[in-house]
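Everything on this sheet refers to the single structure shown next.
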Amino acid sequence: MPPSLWLPNTAKSGMKHFNNRNTRQEALSLYREILRTCKAFHWYDETGKPWNVRLKQEARKEFEASREETDPLIIARMLVTGRDCVDQIQNKFNEADRAAWERIERDSTRGGP
């Protein structure tokens, strides 16, 4: 049996970490970070639509679908998962960018392709 996160005598004291104001601020912060990250996608999908536009629409749809959620544990899980996904995407972009710049440097010091 997995460990329980909430104990009966501490459930009310634990709820102070999930108040609406903090949750709303964290959700808005995550949404803004997603929008900033979407700017890095300059490619087009198979229909000719820019990926950054498509990703922004999907993010908006996900946030709107989650707007009515009231369970603090589910909200916290969604925020942590969303933040982790954005961090992973940003790290992959940074690694690819660094590799591209290293390749450019290496090719420029060799004197050509």
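Throughout, read-outs are computed from the coordinates displayed, never taken from laboratory work. Treat the numbers as computed from the prediction; the structure is a model and nothing was measured. Every residue, glycine among them, receives a Cβ derived from its backbone with ideal geometry; neighbour counts consider all protein chains shown.
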Segment residue 104-residue 71, extension gain: residue separation times 0.36 nm, minus the distance between their alpha carbons: 6.9 nm
GluC sites (Glu not before Pro) restricted to the range 21-113 and DSSP loop, no more than 14 other C-beta within 10 Å: 46, 68, 69
